[in-house]
Structure formats: C-alpha cells, structure tokens
Amino acid sequence: MSERPGGIDVSGLPTYAFGSRMTMAWGTAGFIVLEGTGFALAIGAYLYLAVINPAWPIGVAPPSLFWSTLVTLSLLISVWPNHVAKRSARNENLALVRRDLVIMSIAGVIPLVLRIFEFRALNIGWDQNAYGSILWIILGLHTTHLITDVGDTLVLTALMFTRHGKGRRFSDVEDNAVYWDFVVISWLVVYIVLYWVPRWLTT
Amino acid sequence: MNANDKDRPRDNELAGRELEERLARTWGTPRGILGALSTVDHKIVGRRYIVTAFVFLCLAGLSAVVMRAQLAVPGNTLVGPDRYNQLFTMHGTTMMFLFAVPVMEAFAVYLVPLMVGTRNIAFPRLNAFSYWVYLFGGLLLWVAFMLNIGPDVGWFAYVPLSGPEYSPGKRADIWAQMITFTEVSALAVAVEIIVTVLKQRAPGMTLDRIPLFVWAMLVTSFLIIFAMPAVMIASTMLILDRLVGTHMFNPAEGGDALLWQHLFWFFGHPEVYIIFLPATGMVSMIVATFAQREVFGYLALVLALIAVGFLSFGLWVHHMFATGLPQLGASLFTASSMMIAIPNGLQIFCWIATLWDGRPRYTTSLLFVLGFIVTFVIGGLSGVLVASVPLDTQVHDTYFVVAHFHYVLIGGAVFPLLGGVYYWFPKITGRLLSERIGKWHFWLAFVSFNVAFFPMHILGLEGMPRRVYTYQAEMGWGNLNLIVTLGSFAFFLSFVLFLCNCIYSLRRGLVAGPNPWNASSLEWATSSPPPPQNFTLIPVVRSRDPLWSSPEGLPAATGLSVDRRELIVSTVVDAEPDLREASPDPSIWPLAAAGATGIAFVASIFTPWAVVWGGIIVGILFIGWFWPKSEKEDK
C-alpha cells in the first residue's frame, strides 16, 4: 500500500491537543449528554407527578431555601476558578494548574459539605410519599455527579503533583473543567425545579 | 510535543514482514490467562461479545421451546404456571437485553474500527469493562433462574405487579439489577462507537463516504444514549420502591403506575430501532456487495436512518393505547407510528433498486436479506394495523401482537444478522461458512419461522391472550397451537444446523483470503482474520467504495510510531488527519473494576449500604485503572 500515489505523511502531527480535537473530549461530551438525558427524565417524572397530584408538594411545605441557595452560590462561584484552571491547562503552565486544581478541590468539597445540610432541610423523608421519593432521587442523582467530579478533581490534582504532570494530562485537566461546568449547569436546572417550582405551584 | 526520536521507528522507516511483525507485537494481546483477561483488542472483545450473545440466544430459544411444548396441546401439565411465568420473562428479557442489543453492538465493536480504517476502538479499556459488566449481568439473571429465583414479571416488569406488594422476594430485584448491568454496558459501547466514528476515521473518509453499516451504528448509538437512561432511571426507581420504601409507583402515596409505562416505553420503543437499524446497515452492505454495484440512494438511506432515529422517540405511547390515555394524544401517536413506515419503506425501495440494477449473486447471505425483506414487510404491515387505536385495543395482549413483534424482530433483525454472520464470518475466522449447509439453513429457518409465527396472527384474532400457561380444549385453539409448536421446534433446529455449520466451517471451511466477496469497504482491505494492528499501513480513502475504485491498492497514511500504540485522530466532517493519539495498552483493571461493580450491584439487592462501600471500592479500582503506569502514557 505504501508506494501508491496519494499517500500522506502524518509524522509531523502532534500527539495531543485541547478541546474537541481530542477523543477524550468527545467521550466526556457523550457521557454528559447521556447523564443530561437522565436528569431530564428524572425531572420529567417530577413534573409528571406534580401534575397528576391534586396538591404539590404532598403534605409538606416546600424544602428550605437556605442551604440549597448556599449550595447554588458556592457552585456559581466555583465557575470562576474552574475557568482559570481551564486556561492554565491550555497554557500548559504546570505551577498555575497545580494551584488552580488545589483551589478547585476545595471549591468542590464546599458544596458537598453544604449538601449534607441541604438533605437535612428537605422537610420530608424519601419513604413518606411520592413527592419525598422523587425529591430524594433527584437530589441523590445530582450528589452522585458532585461526588464523582470532586473525586476526579482530587485524583487529577494528585496526579499533577507527580512526574505525570505534563503533556496530555493538561488536556485531561481541561476535560475535568468541562465536566464541572456540566455539574453546575445541571444543578441550576435542578435547583429551580426542586426549590422554586413547588413554590410557584402553591401560590 | 512534535515528532521526536522517542517515537521512532515510524512505519515509513520499515517495510514488509519486519514492519508487520513489530506492529503485531506492539498491538498484540499478551499470552496466557492474564493476557486474555487483560486484552483491549476490539476484535477479541468483539468476538467474545458475539459468542456470548449467541449463547444467550440459545438459552432464550430453549426457554421458548419449553413454552411451546407446554402450549402444544390444551390443558398440558408439562410446566406449571409459576415456572411458565419465569420462562416467558427469561425469554423476553434475555432476547431483548442480553441478545438483540448486545449482538448488534458486538458486531459494531468488531467491525466499525475496521470499516473506518483505524487500529482500535476509542476507549478500548472501557470496551473491555463493558463486556465484563454485560457478562456478569447475564450470569446474574441465569444463575438466579437456576436457583428458582428467576424474574417472573414479564420483560417489561409492569408495576404494580413488579412492585413490593405483589412481588415479594428477590425475583423482580434480579430483573431490575440485570437492567442496570446491561444498560451500563450498552451506554459505554455507544459512546465508544460514536467517538470512533466521528474522530478515528481514516484520512479522506468524509461524512459522505462512511459505509452504511457505520452510519447505522452511529445513529443507533445516539438512540442508545437518549433512550437507555430512561430504563435505568425506571429500574432504579423500581428497586428503590422495593428495597428502601420509596413510593414512585405507589398510587396510595401520590405515585403512579403509568409513570413506569411512560419511562419504560420511552426506552422500549427506540429499543426496537436500536435493534433494527444496525440490521438495516448490514443489509445495505450485503446488498451492495452481492449486487456488485454501489448501493442505490446512499443519501436517501442515510437520511432514512436519521429520520427513523428521530421518529422512534415519538412512538412510545402506542404501547399504552389500552391504558385510557386522552384521545388527542393517542391520535398523535397513531400518526407518528404510521409515519415511521415512510423512511423504512424508502430503505426497502433503495435495496430493491440496488438489486434490480446489479447482477445479484444469491449466496446464503443474500438469501437471508431477501427473507428479511419479505418477513419485515409483513411485520411492518401488521405494525401499521396495530398503530390504529381501535384495532390495537382489540388485539392488545393477544397472540396477534406476539406474531407482529416476532415478524419485526426476527424478520427485521435476526435474518439480516444471520446474513451478516455468513457475510463477515470469513473476515472474523479466515474461513467461509459452507454455502451448501447455508442454503439448507436458510430455507429451514424461513419456512419454519413462518409456520411458527404466522398462525399466531389468527390465534390472536381468535382471542388467545399472550402469557397464559395453558388453555381449554373448548376454545378451539388446539390445532393452530400444535402447528405453531411444530414450527418453532423446526425453527430451533435451523439454529442447530447453523451451529453445526459454524463448527464444521471453522475446521473445514474454504480459506477466505482478504476479500472473498469482492466487497468495497475497508474491512476487506486487510487479511482475514485481521492482524492485531488491523492495518499495517493506515489506508487513505478517496471514494465511497474504496476497494472498487482503487483495485490496484489504496494509498497509505504513514508516519505513526511502530513501537508505541498510536492511531490517527481526524477531523469530524472531512476526516483530515489531526493528531497521532496514543491508544491504551492491555490492562487487568477493567476486569477488576467490572467485578467489583458486579458484586456491588448484586449486594445492593440485599443491603442498600452495598452502594456506599461498593462505590468506594469501585472508585479505588477506577483510580488504579486511570493512573498512568509509565511516562509514555502521558504523551
């Protein structure tokens, strides 16, 4: 095959890049889409139950806004260092990436701790009625994503402090930042549905 | 980051046997049991997937044979009602979740990287992981059945029957967790296929030069990504209702039984097309090859695939016409159910036109495709009938529906699949299946299928409900049931004949050579079976049918490392080479992670805490999996 006319030489191509040039970015996007579908369907189930029940929430007041809003604020604030980390990764600046990932590790743990208090302020157990069940399921679904990405960030932070902190690992840092954006955006939708929709329905 | 001495030698610095052998060493699977368990070669994983799926087909077929033996005569006592409930649940669940979807993905895992001209699938370790998870899910279901705790709630496990009140014990939990296993596996493979197709195509394989099977798998993978989360969410809700006392489907506490049906069929209807679209992709390849001309209406076929993909999400409520939904909704779903016949019909006309204008060679492979066209048209027509609400209400849950979906699924997917096996067997094994036995196989399968399933239409119209373990002689269904049973036994025999053909041909079959059918797509540009590196030099594609337009051989893209696993990553639309990305080496971590995932899933049936400690163990194993083992992985 080698000597046929029309052959091309790829030896000068780089071995890694950023963003949608890498397969990993597409893989991450694929998982974001399928998990986003999961969120959409769970929210669909929530709205379906809200419509078919004569009263919503069933038998309790809407969940407390205090802790959930703190979680929302902490996630919104984390967007800034997250994008700084993404930029540092693109610039392949190891010192800055290390600093930013430490900040992002902390920025990830804060909403996770607040989330514990958020669960305790829901006013209802999962086994009380269908409203309580779907509330816990959706919050649980988001918490799973939060734990996953915080875990990922912690491992990546450790990795960047070893001899592996180079080359395509910078691209991995960027993918992790993209996934964190997804965790934040999906939360904003969930926050509105779980905390504001029941208030609008009761007024 | 650019070319440096560590990447040497490159594949343009060596030639001939030396190049082939060194690449085979780099991309090969290590010897021994540990090597076999660590492999990330898409061909080995794909082969395992295919064989495992066919083993499950055999088990599900056997459960059908037992059911048919029970129904052969009225008032039969061969199988009791409890066992019968388990049998039809095992049959449907295995066919849908452990055979039909996995076998199509299995062929894609094997074929797609070869068809797009790359050296391995994207995320090969995830691919190995997904196979193990699938295997463990299948084992869970069948070991449970052997222990007499097989699920008995039907393959769609409707609540409230499958809920905590009406199904105490563990049977429904086994069903729900098996869903989690198979969907994790299917979703992972879907992502791998999408990325392989979009980013790893050989240079020059622009979007309008992608082989139709690859297009079909791309669309199917998107369907999987948008459909399968629904059943995972639903089965998780079911298991939470059963194990920790949530009330998602409990009307007494604000839940709703129909919510289950909505979620299930939001997945379940696209599922039919997840099974059918890959089959149409196979048909397009087979028809073009045996007509020896390019497929008629390539663009129309691609658009039809995409149209079917979109429309398949607008049909789910036609499974729920008997639940008393608002009439407007029902009319909408009737219209969309009829509309999907249009792109499907379009595909059939394109295949007929291809054959009409070509010089067809009636090999066994093509015979199965012709059998598919006949059978699928009959199944499609009865589908248009049951898309209408009054007709559907009349025949709902009768044997008419059983007949319809077997015509669609066996006719629409299994016949093309068997055609595909005859077509690609030489590529996978290096030997041709016997055409003589193949012709017997086809005619036995085609005739016995119709003997087994056509009378079911009549039984359904006569009022025989599905899922009954027996019936009284006075109903007058005895003769037709006996014919159905004889037909189904013969149909099972046709698969035995097929198995004999496979075993015989593996040893005695004609040696195939690289391209025994004179086909045009890239998988035929390499030896049969392909070497570990798939292609010793990556081909460059300049047309839609590269092997026909360049009979003298294809130009090559050179400059990849020989001693390090490297493949070409290209741009999405134009397939311009863009990167030399590293591809992962073999690893035992995916198996370990899949094992831990399996234990956690099974244990969670018994204690919800298994999710917590199982999650921690799985997390640790994932870290082990992803942590780089050498600096060359960082490049």
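Tabulated values for the structure
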| quantity | calculated |
| --- | --- |
| Residues within segment B:152-193 that are hydrophobic (A, V, I, L, M, F, W, C), in a loop (DSSP other than H, G, I, E, B) and in contact (Cβ under 8 Å) with a residue 24 or more places away in the chain, tallied | 5 |
| Tally of residues being at the interface with chain B (Cβ under 8 Å from one of its Cβ atoms), in contact (Cβ under 8 Å) with a residue 40 or more places away in the chain and of a type in the set (Ser, Thr, Tyr) across segment A:1-28 | 2 |
| Selection count where residues are surrounded by 17 or more Cβ atoms within 10 Å (Cβ to Cβ), in a helix (DSSP H, G or I) and not charged (D, E, K, R), scope segment A:1-30 | 8 |
| Selected residue [within 20 Å of the chain's Cα centre (by Cα), closer than 30 Å to A:GLY167 by Cα and touching a residue at least 24 places away in the same chain (Cβ under 8 Å)] from A:LEU70, A:LEU112, A:LEU75, A:LEU94 | A:LEU75 |
| Which numbered condition A:LEU141 misses (of (1) within 20 Å of A:LEU34 (Cβ to Cβ); (2) free of Cβ contacts under 8 Å to residues at least 24 places away in the same chain; (3) not acidic (Asp, Glu)) | (2) |
| Filter pass, A:LEU194 being free of Cβ contacts under 8 Å to residues at least 60 places away in the same chain and aliphatic (A, V, I, L, M) | no |
| In segment A:40-54, the residues that are part of a helix (DSSP H, G or I), facing another protein chain (nearest Cβ under 9 Å) and either touching a His at 6+ places or on another chain (Cβ under 6 Å) or touching a residue at least 40 places away in the same chain (Cβ under 8 Å) (or both) | A:ALA42, A:ALA45, A:LEU49 |
| Counted residues, segment B:326-358 - those being among the polar types (S, T, N, Q) and over 17 Å from B:GLY379 (Cβ atoms) | 5 |
| A:ARG99 being basic (Lys, Arg) and within 20 Å of the chain's Cα centre (by Cα) | no |
| Test: residue in segment B:476-494 that is farther than 20 Å from B:PHE54 by Cα and part of a loop (DSSP other than H, G, I, E, B) | yes |
| Unmet criterion (only one of (1) surrounded by 19 or more Cβ atoms within 10 Å (Cβ to Cβ); (2) at pLDDT below 95; (3) over 30 Å from B:GLY169 (Cα atoms)) for B:PHE601 | (3) |
| The lone exception for A:PRO57 - which of (1) crowded, with 19+ Cβ neighbours inside 10 Å; (2) more than 14 Å from every other protein chain (Cβ to nearest Cβ); (3) more than 17 Å from A:HIS142 (Cβ to Cβ) it fails | (2) |
| Condition met for A:PHE66 (closer than 20 Å to B:MET237 by Cβ and of a type in the set (Phe, Trp, Tyr)) | no |
| Meets criteria (in contact (Cβ under 8 Å) with a residue 12 or more places away in the chain, over 22 Å from B:ASP82 (Cβ atoms), surrounded by fewer than 24 Cβ atoms within 10 Å (Cβ to Cβ) and not aliphatic (A, V, I, L, M)) for B:TRP132 | yes |
| Residue under evaluation B:ALA473, criteria (1) surrounded by 22 or more Cβ atoms within 10 Å (Cβ to Cβ); (2) away from every other protein chain (no Cβ under 14 Å); (3) more than 30 Å from B:PHE296 (Cβ to Cβ), criterion not met | (1) |
| Meets criteria (within 10 Å of chain B (Cβ to nearest Cβ) and touching a His at 6+ places or on another chain (Cβ under 8 Å)) for A:PHE31 | no |
| Any hit, segment A:69-83, residues being at the interface with another protein chain (Cβ under 7 Å from one of its Cβ atoms) and touching a helix residue (DSSP H, G or I) at 6+ places or on another chain (Cβ under 7 Å) | no |
| Selected residue [at pLDDT 85 or above, buried (at least 18 other Cβ atoms within 10 Å of the Cβ) and closer than 18 Å to B:PHE415 by Cβ] from B:THR334, B:THR354 | B:THR354 |
| Residue that is nearest to B:THR206 (Cα to Cα), among those in segment B:116-149 that are assigned to a helix (DSSP H, G or I) and within 14 Å of chain A (Cβ to nearest Cβ) | B:PRO124 |
| Residues of segment B:242-293 satisfying the condition of being outside any helix (DSSP H, G or I) and within 14 Å of chain A (Cβ to nearest Cβ) | B:VAL244, B:GLY245, B:THR246, B:HIS247, B:MET248, B:PHE249, B:ASN250, B:GLY254, B:GLY255, B:ASP256 |
| Condition check for B:LEU198: free of Cβ contacts under 8 Å to residues at least 40 places away in the same chain, among the aliphatic types (A, V, I, L, M), more than 17 Å from B:MET96 (Cα to Cα) and facing chain A (nearest Cβ under 10 Å) | no |
| Matching option when the condition is touching a helix residue (DSSP H, G or I) at 6+ places or on another chain (Cβ under 7 Å), within 12 Å of chain B (Cβ to nearest Cβ) and either within 28 Å of A:ILE58 (Cα to Cα) or at pLDDT below 95 (or both), among A:LEU194, A:LEU156, A:LEU141 | A:LEU141 |
| Residues of segment B:213-241 classified as at the interface with another protein chain (Cβ under 9 Å from one of its Cβ atoms) and either among the hydroxyl-bearing types (Ser, Thr, Tyr) or touching a strand residue (DSSP E or B) at 6+ places or on another chain (Cβ under 9 Å) (or both), total | 2 |
| Qualifying residue in segment A:114-128 (condition: at the interface with chain B (Cβ under 10 Å from one of its Cβ atoms) and either outside any loop (DSSP other than H, G, I, E, B) or among the hydrophobic types (A, V, I, L, M, F, W, C) (or both)) | yes |
| Within segment B:520-635, strands (runs of 3 or more DSSP E) holding 2 or more residues that are touching a Ser or Thr at 6+ places or on another chain (Cβ under 9 Å), within 11 Å of another protein chain (Cβ to nearest Cβ) and of a type outside the set (Val, Ile, Thr) | B:566-570, B:577-582 |
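Here's the yes/no breakdown for (1) closer than 29 Å to B:PHE626 by Cβ; (2) touching a residue at least 24 places away in the same chain (Cβ under 8 Å); (3) surrounded by fewer than 24 Cβ atoms within 10 Å (Cβ to Cβ):
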| residue | (1), (2), (3) |
| --- | --- |
| B:THR29 | yes, yes, yes |
| B:VAL40 | yes, yes, no |
| B:ARG47 | yes, yes, yes |
| B:ILE50 | yes, yes, yes |
| B:VAL55 | no, no, yes |
| B:ALA69 | no, yes, yes |
| B:LEU87 | no, yes, yes |
| B:ALA100 | no, yes, no |
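Quick grid of which residues meet (1) touching a Lys or Arg at 6+ places or on another chain (Cβ under 6 Å); (2) farther than 20 Å from B:VAL73 by Cβ:
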| position | (1), (2) |
| --- | --- |
| B:LEU444 | no, yes |
| B:VAL447 | no, yes |
| B:THR470 | no, no |
| B:ASN481 | no, no |
| B:THR485 | yes, no |
| B:TYR504 | no, yes |
| B:ASN518 | no, yes |
| B:PRO532 | no, yes |
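The values are calculated or read from the model by the stated rules, or taken from the named source; none is laboratory data. Please read all numbers here as calculations on a predicted model, not as lab measurements. Note that we place each Cβ from the backbone using ideal geometry, even for glycine, and neighbour counts take in every protein chain shown.
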